[in-house]
Amino acid sequence: MTSFTHHYIADSADLGLSGALDLVRTRDGFRPRRLPHAAWEQVPHAFMRTMVECPAGVRLRFMTEARNIAVVLVTRALYLLDTDQRFSAAVDLVVDGSVIASQMVGRHHVRIGPGADRAVLEAAEPETVEFAGLRVGPKLVEIWLPHSAVVDLVKVMTDGPVVPAPSQQMRWVHYGSSISHCLEASVPTRTWPALVARGLDLDLVDLGLAGSALLDPFVARAIRDTDADLITVKVGINLVNLGVAHERMFAPLMNGFLDTIREGHPTTPIVVISPVTCPAHEHTPGPTGVGVDGVAISLNQEPLRPGALTLTDVRRILSDIVTLRSATDAHVSYIAGDQLFRDADVTAGRLPDGLHPDERGYQLIASRVEPMLGVVIEDRR
């Protein structure tokens, strides 16, 4: 049995918690949140609060010579009541930039539905995830927490001391929907933001919030107040598939979101990314339903109302917004989402539910967006 000589409670600065904008004490330990407290108080419903508490992109990051490391945590994997979908959860170990191991966790669930007024967290006991036999010598260790579960960190145990890892990484703050949260990825290092961050050596703050990318002002303020060297804003699909998008409100809301971010980041590159391909809503407004084959469909049965937005409309408006802003702002740019995930990818079976890419689909998005963002940050390194 491994003998651990060093024990660290989860809020220890030595563990170098990264990617979370808040850490709160719970009955079981410390829970990372991806929005700060001021924003958390304004989150309007339980579904979004649950997404904020799923630590996508959140990791411990420290230097150590330890050969054995254990993380004690309480994990409740997502269980979406409306689709009866249970997501797997895993902890990933990255050493000196390479993924060494993944371990599945989360025998219990947090039950939540889009219209639920509260999340139901099943009773759960602490689990110990142990990574043994690491190489001899000093090393940079990153422990990526599950992106698809609510996690309470209890403690970290090692057989050698740890210190926070020094970092000269540029910080990347990314905001988006479920297609940035990437719940369909099997492990946390295989979401497309994680793949891009690791490929470009960026310090990721992932604000990909499934079902919740609605340009909320409190999220814009959180981004405004967070240190960032690169900001990406990927929006559109939730506005359409929740049936709330209208041309009259969309452009002002988007401009207001960007204006708020600019208050805190006057020259930071902002990249606006439009929605990826979604056949149900390319030319038909929301809301979204599910057909008998499990594939997304539009529930909009009315004639196209003036101003009701489709994804084609959203891309046009976002492109126009960036074009107008770029006349006075040299640090804003646009990426067309349907070039990151394309019709051909749908044909190849990479969009199994008609809305969310599968893991290979997320890898394709990462491979296409990484060089584009690499060009944006090249002059800032």
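The values are calculated or read from the model by the stated rules, or taken from the named source; none is laboratory data. Here the structure is a predicted model, which means the values were calculated and not measured. Note that we place each Cβ from the backbone using ideal geometry, even for glycine, and neighbour counts take in every protein chain shown. Note: areas computed on protein heavy atoms with side chains; ligands, DNA, RNA excluded. Shrake-Rupley method; radii C 1.70, N 1.55, O 1.52, S 1.80 Å.
Key figures
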{"quantity": "Members of the range 336-381 found to be more than 24 Å from Gly289 (Cβ to Cβ), modelled with pLDDT of 95 or more, out of contact with any Leu (no Cβ under 9 Å at 6 or more places or on another chain) and of a type in the set (D, E, K, R), listed by number", "calculated": "Glu359, Arg360"}
{"quantity": "Single residue of Val322, Val332, Val314, Val295 found to be surrounded by 14 or more Cβ atoms within 10 Å (Cβ to Cβ) and within 25 Å of Ser88 (Cβ to Cβ)", "calculated": "Val295"}
{"quantity": "Which numbered condition Met104 misses (of (1) open to solvent by 30 Å² or more (accessible area, probe 1.4 Å); (2) farther than 25 Å from Gly208 by Cβ)", "calculated": "(2)"}
{"quantity": "Any chance Ile223 is within 13 Å of the chain's Cα centre (by Cα) and open to solvent by less than 10 Å² (accessible area, probe 1.4 Å)", "calculated": "no"}
{"quantity": "Meets criteria (charged (D, E, K, R), over 28 Å from Gln169 (Cβ atoms) and either touching a residue at least 12 places away in the same chain (Cβ under 8 Å) or surrounded by fewer than 17 Cβ atoms within 10 Å (Cβ to Cβ) (or both)) for Arg67", "calculated": "no"}
{"quantity": "Qualifying position, being at pLDDT below 95, within 17 Å of the chain's Cα centre (by Cα) and either within 18 Å of Tyr362 (Cα to Cα) or assigned to a helix (DSSP H, G or I) (or both), among Gly199, Gly211", "calculated": "Gly211"}
{"quantity": "Pairs with Cβ under 6 Å, 6+ apart, first in the range 224-235 and part of a loop (DSSP other than H, G, I, E, B), second at pLDDT 95 or above and of a type in the set (A, V, I, L, M)", "calculated": "Thr226/Val173; Ala228/Val173; Asp229/Met170; Val235/Ala213"}
{"quantity": "Search result, residues across the range 69-82 that are assigned to a loop (DSSP other than H, G, I, E, B) and either closer than 26 Å to Val196 by Cβ or out of contact with any strand residue (DSSP E or B) (no Cβ under 7 Å at 6 or more places or on another chain) (or both)", "calculated": "Asp82"}
{"quantity": "Residues being among the aliphatic types (A, V, I, L, M), in contact with a strand residue (DSSP E or B) (Cβ under 7 Å, 6 or more places away or on another chain) and either within 12 Å of Val24 (Cβ to Cβ) or open to solvent by 40 Å² or more (accessible area, probe 1.4 Å) (or both) - total across the range 36-54", "calculated": "1"}
{"quantity": "Residues satisfying the stated conditions in the range 184-199, i.e. hydrophobic (A, V, I, L, M, F, W, C) and surrounded by fewer than 24 Cβ atoms within 10 Å (Cβ to Cβ)", "calculated": "Val187, Leu195"}
{"quantity": "Subset of the range 118-156 [of a type in the set (A, V, I, L, M) and assigned to a strand (DSSP E or B)]", "calculated": "Val120, Leu121, Val129, Leu140, Val141, Ile143, Ala149, Val150, Val151, Leu153, Val154, Val156"}
{"quantity": "Verdict on Leu195 being touching a strand residue (DSSP E or B) at 6+ places or on another chain (Cβ under 8 Å) and at negative phi", "calculated": "no"}
{"quantity": "Hits in the range 300-354 (condition: in a helix (DSSP H, G or I), hydroxyl-bearing (Ser, Thr, Tyr), within 22 Å of Leu373 (Cβ to Cβ) and touching a residue at least 24 places away in the same chain (Cβ under 8 Å))", "calculated": "Ser319"}
